[in-house]
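Since the structure comes first, as structure tokens, the remarks are kept for the end.
The values are calculated or read from the model by the stated rules, or taken from the named source; none is laboratory data. Every value quoted in this text rests on a predicted model; they were computed, and no experiment measured them. Note that we place each Cβ from the backbone using ideal geometry, even for glycine, and neighbour counts take in every protein chain shown.
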């Protein structure tokens, strides 16, 4: 944490008091909470950005598809529309946001992905019958609705118990808000994780009587976006618009010399920016250089004008998945909730 941020401590005190009182009012019933009918799982966090909610939401979506029809409801950050939308094949990232579009890319015909600012109103308009299970993306602080199961994600290297309230730190609410969760998933863990590495993280979860799990990022082989292929590249321009691209950099720099082009999270790419990226590419040896982006960022590149430009250059997407420590136990935990009467 940067030392200069401690100068913002008075603002943290005010913000912390507001969030504390808000939660107290909900806990006392002065602010009403609507318990959702049917099965629902909230995937949220205590901190802002980059904790790994999206990969876990997709992971749960894919595994629950084995037994349920899945509905996903997201705020749709970065979209230019308003109101409640159910995604279809005509929607772009500008319409619905990059993360919901990524979820929709793995949805089956019987699954649904929705975006809405007012989640409560959106849920009232959704068909919650026939055993559908609802995944609420980033709704832990949205206390006017309460899911049947709440999972909080926290980055292993920047866990909630070492963070501080905004704006000094990155916490949306005080650490003890974790007590509302039913499980914690520590994300972005190192490749080799010993019991000693887990000890402190386990202690902070058990302090609140909450089970915790650990997950790692897995990077499958690159996939070409267009027809241009480079054999045995040595250099990569890495184009990202995600909150924390550092794990991706660490993975790719094992194979390539990197030139990093980073935009803010959910940034919508423009034609001019793509042209500037290609101008940068042209300064390198084209026989040894490729452009790499993320799956989430690819959602924003899928417009006719951008794809036309991209086709002329060797763009690749880096897929990402997660591996869950004690996966069988975690999935049993999820399926037990999803299947119980």
**OP:** Please work out if residue 14 is under 21 Å from the mean Cα position of the chain (by Cα) and without any contact (Cβ under 8 Å) to a residue 24 or more places away in the chain.
**Re:** no
Original post:
Which of the residues spanning region 311-330 are out of contact with any strand residue (DSSP E or B) (no Cβ under 8 Å at 6 or more places or on another chain) and not in a loop (DSSP other than H, G, I, E, B)?
Top reply: 327, 328
**OP:** Among the numbered conditions (1) touching a residue at least 40 places away in the same chain (Cβ under 8 Å); (2) in contact with a strand residue (DSSP E or B) (Cβ under 9 Å, 6 or more places away or on another chain); (3) closer than 26 Å to residue 62 by Cα, tell me where residue 284 comes up short.
**Re:** (3)
Original post:
Hey, any hits in region 30-53 for a residue that's part of a helix (DSSP H, G or I), under 17 Å from residue 333 (Cβ atoms), touching a strand residue (DSSP E or B) at 6+ places or on another chain (Cβ under 7 Å) and assigned by TED's automatic domain parsing to the domain that holds residue 138?
Top reply: no
Subject >> Test result for residue 109, without any contact (Cβ under 8 Å) to a residue 12 or more places away in the chain and under 23 Å from residue 338 (Cβ atoms) >> reply: yes
Original post:
Inside region 215-230, can you point out the residues that are at pLDDT 95 or above, closer than 20 Å to residue 308 by Cα and in contact with a helix residue (DSSP H, G or I) (Cβ under 8 Å, 6 or more places away or on another chain)?
Top reply: 225
Original post:
Scanning for something buried (at least 19 other Cβ atoms within 10 Å of the Cβ) and either closer than 15 Å to residue 44 by Cα or within 16 Å of the chain's Cα centre (by Cα) (or both), does region 193-212 turn up at least one residue?
Top reply: yes
Subject >> region 18-77 - residue that is on the phi > 0 side of the Ramachandran plot and surrounded by 23 or more Cβ atoms within 10 Å (Cβ to Cβ) and, of those, modelled with the lowest pLDDT >> reply: 52
**OP:** Considering only region 245-274, state which residues are more than 13 Å from residue 296 (Cβ to Cβ), touching a helix residue (DSSP H, G or I) at 6+ places or on another chain (Cβ under 8 Å) and not in a helix (DSSP H, G or I).
**Re:** 258, 259, 260, 261
Original post:
Consider residue 8 against the criteria (1) in a helix (DSSP H, G or I); (2) without any contact (Cβ under 8 Å) to a residue 60 or more places away in the chain: it satisfies all of them except one. Which criterion is unmet?
Top reply: (2)
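Could you please give the count of residues in region 140-175 that are outside any loop (DSSP other than H, G, I, E, B) and over 21 Å from residue 49 (Cβ atoms)?
3
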Original post:
Within region 67-82, which residues are in contact with a helix residue (DSSP H, G or I) (Cβ under 9 Å, 6 or more places away or on another chain) and part of a loop (DSSP other than H, G, I, E, B)?
Top reply: 67, 68, 75, 76, 77, 78, 79, 80, 81
